[in-house]
Amino acid sequence: MIIGLDDTDSRNGMCTTYLAAVLIEKLENYGTVPGYPLLIRLNPSIKYKTRGNAALAITFEPSNDVDTSQVKALVIETVEEMAVFSDENTNPGVVFIEDSREKLCTDLRVFSMQAVQDVLEIEQAEELMGRHGISYQGFKNGRGLIGALAAAGFGLCGLPDFTYELVAYREIENRGTLRKIDEDSVWDAAGTPDTWDTVDYENKSIVFAPHSPDPILFGIRGGSEEAVRHAFSKTRSEPVERHVVYRTNQNTDMHLVRANVRDVQDSRSYILDGIVSKPPKTIEGGHVIFGISDNGAYMDCAAFEPTKGFRNIIRHLRSGDEVTVFGSVNDGTLNLEKIRIRSLDNYVLRNPLCCGKRMKSMGKGQGFRCVRCGAVKKDREVGIVGRKIEPGFYEVPSCARRHLSKPLVRYPELRLLRAHIP
Ligand code: ATP
């Protein structure tokens, strides 16, 4: 059986991953939980999300003497006990997948990917579950069924790419207080090969612990269970109530769809090729905005203030540069997660030089005249401009990374170009 769970938390506490962690412990009294529980991040632009749009899936094999109805009752009872029903935005959903017919997987694969890349309606989840006889329980408006079914779908059909996160939870009496974590041990743990985003080296800060009152103490992200466990063993902190290693679609870029600028829709995430057609401008708040064009279609792209030093790369773009941008589109603007500068336009048209000075234009299409000797020239000349960036991939720092964003350390084939910005 695969159990999908979503939408049990509120901003003031709780977290669906914690509910799953507690549930796993309870389930182990009735059978086994093979493999890894899944921590699935869904469309990051969904307006209903509390924080990171997470949903969970747990694979469970009941012991011979256990009836599945007992298991379902236990899951529903746990959600009823732990979900924050008082929050108007908390609409839990629980899904139980009990068979693995090929047709079911075909439909679910599509649904689960849509939940990450697109916007779905509750009725679409209900229709699919009704058609395949999947049992489920929605609470309040049942919106959580979307995420619960999507996560269970990945549980049944597999993830095309995945990483791991070890999440450590706080003792109940410590929740809501300042987290006690030994900083030196964190910097030491952050050096564990095949882990990332424990610290932000560029901004010299620790980024693996939230600041909210939820039960999470910290999370260690990496490419294998061994790597995240190794980093965990080096981290000294207040007591850990429990910890779970999740397999996850975090840091895989699963949300990004290759598209043309003209086909872009709000609340979705894309990889777009374009040519810089509006040079970068820093606006109030320190956000840097520039525009790209592709076959006559235009898109604003933004490196927001929290992306810190990444904005210095963006500020050096010029019209004519060829780029590939990666990020989510909201209110008609692409929020940059990464950029690949494919080529720089190093050429500039200048008024011709004469007698050591630039010639003066005599009006549109009229040519240029030297103010000193009176010589006339018809055309502008091509000059070369020095650039402070190089072609290559650039990403936001760890402190600004979105859950689904694939960091450049996960592209082994890439030599990370770090342009020197004076
Ligand atoms: P946390 O990360 O703290 O666990 P959250 O950010 O996951 O919280 P939820 O409380 O789960 O937020 O709320 C997200 C809601 O949006 C859920 O009800 C989920 O089913 C729904 N949802 C997720 N993805 C989509 C989608 N692609 N289309 C429509 N609804 C979605």
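The values are calculated or read from the model by the stated rules, or taken from the named source; none is laboratory data. Values in this document were obtained by computation on a predicted structure and should not be read as measured data. Positions of Cβ are generated from backbone atoms using ideal geometry, with glycine treated the same way; all protein chains shown enter the neighbour counts. All accessible areas refer to the heavy atoms of the entire protein, side chains included, with ligands and DNA or RNA removed. Shrake-Rupley method; radii C 1.70, N 1.55, O 1.52, S 1.80 Å.
Per-residue answers, yes or no, for (1) crowded, with 20+ Cβ neighbours inside 10 Å; (2) out of contact with any Leu (no Cβ under 9 Å at 6 or more places or on another chain):
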position: 168; (1), (2): yes, no
position: 193; (1), (2): no, yes
position: 197; (1), (2): yes, yes
position: 200; (1), (2): no, yes
position: 206; (1), (2): no, yes
position: 214; (1), (2): yes, yes
position: 217; (1), (2): yes, yes
Residue count, segment 78-101, condition more than 14 Å from the ligand (Cβ to nearest atom) and either open to solvent by 40 Å² or more (accessible area, probe 1.4 Å) or in contact with a Phe, Trp or Tyr (Cβ under 6 Å, 6 or more places away or on another chain) (or both), comes to 6
Within segment 281-299, residues surrounded by 15 or more Cβ atoms within 10 Å (Cβ to Cβ) and either within 24 Å of the chain's Cα centre (by Cα) or assigned to a loop (DSSP other than H, G, I, E, B) (or both) come out as 287, 288, 289, 290, 291, 292, 299
When every residue in segment 170-191 that is of a type outside the set (D, E, K, R) and open to solvent by 60 Å² or more (accessible area, probe 1.4 Å) is compared, the one nearest to residue 83 (Cα to Cα) is 172
query = Any chance segment 228-236 includes a residue that's in contact (Cβ under 8 Å) with a residue 40 or more places away in the chain and within 25 Å of residue 389 (Cβ to Cβ)?
reply = no
Residue 265 meets each of (1) in a loop (DSSP other than H, G, I, E, B); (2) open to solvent by less than 40 Å² (accessible area, probe 1.4 Å); (3) closer than 26 Å to residue 160 by Cβ with one exception, condition (2)
* To do: Could you please let me know if residue 6 is under 28 Å from residue 270 (Cα atoms) and either within 11 Å of the ligand (Cβ to nearest atom) or open to solvent by 20 Å² or more (accessible area, probe 1.4 Å) (or both)?
  => yes
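For segment 84-189, please list each of the strands (runs of 3 or more DSSP E) lying entirely inside it that holds at least 1 residues being in the same structural domain as residue 210 (by TED's automatic domain parsing). Step through it out loud before you land on a result.
Working: elements: 93-97, 135-138, 163-170.
Of the strands (runs of 3 or more DSSP E) lying wholly inside segment 84-189, those with at least 1 residues that are in the same structural domain as residue 210 (by TED's automatic domain parsing) span 163-170.
Kindly indicate whether any position in segment 215-223 is part of a loop (DSSP other than H, G, I, E, B) and outside the structural domain of residue 310 (by TED's automatic domain parsing). Even if it seems obvious, please write down each step before you answer.
The initial filter retains those residues of segment 215-223 that are part of a loop (DSSP other than H, G, I, E, B), namely 215, 223.
Those left that are additionally outside the structural domain of residue 310 (by TED's automatic domain parsing): 215, 223.
Among the residues of segment 215-223, at least one is part of a loop (DSSP other than H, G, I, E, B) and outside the structural domain of residue 310 (by TED's automatic domain parsing), which makes the answer yes.
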- Task: Would you check if residue 23 is open to solvent by 10 Å² or more (accessible area, probe 1.4 Å), within 16 Å of the ligand (Cβ to nearest atom) and of a type in the set (A, V, I, L, M)?
- Result: no
The residue from 104, 108 that alone is open to solvent by less than 10 Å² (accessible area, probe 1.4 Å), modelled with pLDDT of 95 or more, hydrophobic (A, V, I, L, M, F, W, C) and more than 11 Å from the ligand (Cβ to nearest atom) is 108
